[in-house]
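Read through the structure below, which is laid out as structure tokens, and then see the notes.
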Amino acid sequence: MYAAPSIQKLLDELERLPGIGPKSAQRIAYWILNTDKATALRLSEAIAEVKDQVHFCRQCFNYAEDDLCEICRSSRRDPGIICVVSEPRDIPPIERTAVFSGLYHVLGGALSPMEGIGPDNLRIAELMKRLASGEVTEVVLATNPNVEGETTAAYLARLIKPLGVNVTRPASGLPVGGDLEFADEVTLGRAIEARRPL
């Protein structure tokens, strides 16, 4: 398909976004072209603003506009519990549960020898520094339940347990409303292992 050079440039940039293929890029580009200029400029300004104002929290490495993120600044959070996640995008789903009231630590990825990501490429040293204060009593290792996440959790558990800090991992199990016949063996096995009394 032929497109004017400026449209092609927009399409090329949109296709670089994760999860956006040529058809999605085309739909977004034509939406931008058909919307009023003020709406398109608001989108452009919002992108520029977030790039200018957002950086990593100096304590937990979540996204923040100030020196510390809102969670680290909150006096209502329990500083004795740290939930370790791979990326800042992992925090909102945990926050939406309204169950966890501690602080976070963002590693900036997960161990992946195949991709050349080792312990020195993650914020593990910064986590260990936070634990050295003696204030933390529990670390929740909430890395993804995939090979890299499990490897990262196992590695961190070996580092943290000698400090006398309780190390936990979120239970994996069956979704509410799910049927046993459709559960895979790993998920069902973990649900059985993590069973609790009623």
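The values are calculated or read from the model by the stated rules, or taken from the named source; none is laboratory data. This is a predicted model, so every value here is computed, not measured. Cβ sites come from the backbone with ideal geometry, for glycine too, and all protein chains shown count toward neighbours.
Worth pointing out:
- Filtering region 1-44 to residues that are part of a helix (DSSP H, G or I) and of a type in the set (Asp, Glu) leaves Asp12, Glu13, Glu15.
- Qualifying residue in region 99-108 (condition: of a type in the set (Phe, Trp, Tyr) and modelled with pLDDT of 95 or more): yes
- Count - residues of region 84-126 that are without any contact (Cβ under 8 Å) to a residue 60 or more places away in the chain, farther than 18 Å from Glu138 by Cβ and polar (S, T, N, Q): 2
Conditions tested, residue by residue: (1) within 15 Å of the chain's Cα centre (by Cα); (2) small (Gly, Ala, Ser); (3) exposed (fewer than 13 other Cβ atoms within 10 Å of the Cβ); (4) part of a helix (DSSP H, G or I).
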| position | (1), (2), (3), (4) |
| --- | --- |
| Ala46 | no, yes, yes, yes |
| Ile82 | yes, no, no, no |
| Asp90 | yes, no, no, yes |
| Ala98 | no, yes, yes, no |
| His105 | yes, no, no, no |
| Ala110 | yes, yes, no, no |
| Met128 | no, no, no, yes |
| Glu135 | no, no, yes, no |
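- Any chance Ala157 is assigned to a helix (DSSP H, G or I) and touching a residue at least 12 places away in the same chain (Cβ under 8 Å): yes
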